[in-house]
1. At a Förster distance of 35 Å, what's the computed FRET efficiency of LEU132 paired with MET270, Cβ-Cβ distance as r, to 0.05?
2. Reachable lysines from LYS240, Cα under 30 Å, same-chain residues fewer than 8 places away excluded?
3. In nm, give the distance between the simple-model label positions of SER370 and THR312, each being 7 Å from the Cα along the Cα-to-Cβ direction.
4. Please list, ordered by chain and number, the residues whose modelled amide H lies under 5 Å from the amide H of ARG175; skip anything fewer than 5 residues away on the same chain.
5. Check the straight Cα-Cα distances from LYS90 and name the lysines below 24 Å, setting aside those fewer than 8 residues away within the same chain.
6. Could you give the length gained on full extension between GLU122 and GLU411, defined as 0.36 nm per residue of separation minus the Cα-Cα distance, in nm?
7. Give, as ranges by residue number, the residues of segment 341-379 whose backbone N falls under 18 Å from the point 7 Å along Cα→Cβ of ASP225.
8. Please list the non-local residues whose amide H lies under 5 Å from the amide H of ASN275, H modeled 1.01 Å from N, same-chain partners needing a gap of 5 or more.
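Please treat every number below as a calculation from the coordinates, not as lab data. None of these values were measured; they are calculated from a predicted model. Virtual Cβ from ideal backbone geometry, glycine too; neighbours counted across all protein chains shown.
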Amino acid sequence: MIVSSVASILVYISGWLSGQPELHLEGPSVVSPPQLQFELRHLHAVSADPSPRIVFADVQRHELQSSPSFLVDTTGTTKFSYDINTRSTKVQKPSSFEAYSNARMRSLRFRESEPVIWQDDETPGPDVENRLTLLELAKMTNNAYVDPDDPQWYDIGNWTSSYPFGWEPDADGFRGHVFATPDNSTVVISIKGTSAGLFGRGGPTAAKDKLNDNLLFSCCCARVDWTWTTVCNCYGGGWKCDNTCVQNALIEESLFYPIGTNLFNNITYMYPNSNIWVIGHSLGGALASLVGVTFGLPVVTFESPGERMAATRLHLPLPPSTHHVTHVYHTADPIPMGTCNGVLSSCALGGYAMESRCHLGKSIIYDTVSDAAWAVDVRTHGIVTIIERLLSDPWPPSEEAGRQVPVPAPENDCVECYSWEFEN
């Protein structure tokens, strides 16, 4: 039986309000933020043969129960769910994906602007100022790299059902998991980041991951010095780069952004009445942000390279506000800081030109260099470091300020690729 959208919303809101405890503060009582319980439903991936397509694999509860990686609570009961704190999140969505695509193509082909009608909406999103919420979302981003029965899988409790995508033996591209609440009211798409030995993981997706990294996050087609093989022929000598050429290369050769938009359309077909969040780590976080600003979705990323330049080069029409996108990273990781560049950098030695640094939305930045004496090291980029060393325990500087995490703030006056001269 199909329930109307209005009825679904009313049922959803009543479910939040019923039985929620109150926090007794000075003055009137305040209802605590609603919590959502999630379960793993699907794994998702892209199959390359005979043509690229998104495929899903269901994850069964009995498979998860037999997984040795799932934790057992103090009563000896296997956990299948976990609570995620939410908060009301303002988003701006295009009137239709068709209108959005038309505006984007007009900008790309004719360098002309076509107005996009943005619709204001308010939706339950993750409480990004709650440390435990960020911790659980970080675990979900880690799980996008592994199968549910892999020992590196983190227990995430209430998120016991997931659809994996991109996990066929021969799949070499876009991967991740889809999580959902038991009532399907909220769905989370978790997108896998770069798989490479440099960042702690290898695998069949490494080559396409590197191609996307070098297309999306380099100033000019991964031109680091004369010894490099660039990923597009846009270098003009000296510090000059053909800007139109770079933009066309991203449109024609970048594999992952259009796959992400197709994935979202598939998920909305499967869950037509659900709120959808997107999360990811590293490259997966940047892709999550690009998909999130395309469709107006709450987004949380971890250690993501700056994606603002990629959004511009892809000619994505941006809403008046992108504050529904939250980036979480720390100052000892040179990749989101935009300092993992130059011929002697760790990234360059691995064949990566990670030169972007400006992020959309707001950023929660942990100053691990000044406040925790971490050394700047690309090995701190991994999501496990974020889970076990950054989010598992309270952050003292935030606690001293009466907060759980650093203040989310937009990256104003951010400049990148300032040495380059871009010409059309």
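1. Once the sixth-power term is evaluated, E becomes 0.75.
2. LYS208, LYS210
3. Reported label-point gap for SER370 and THR312 is 2.6 nm.
4. LYS192
5. Within the straight-line cut-off, LYS90 pairs with LYS362.
6. Length gained, GLU122 through GLU411: 101.7 nm.
7. 341-355
8. Close amide H contacts, sequence-distant or interchain: THR186, VAL187.
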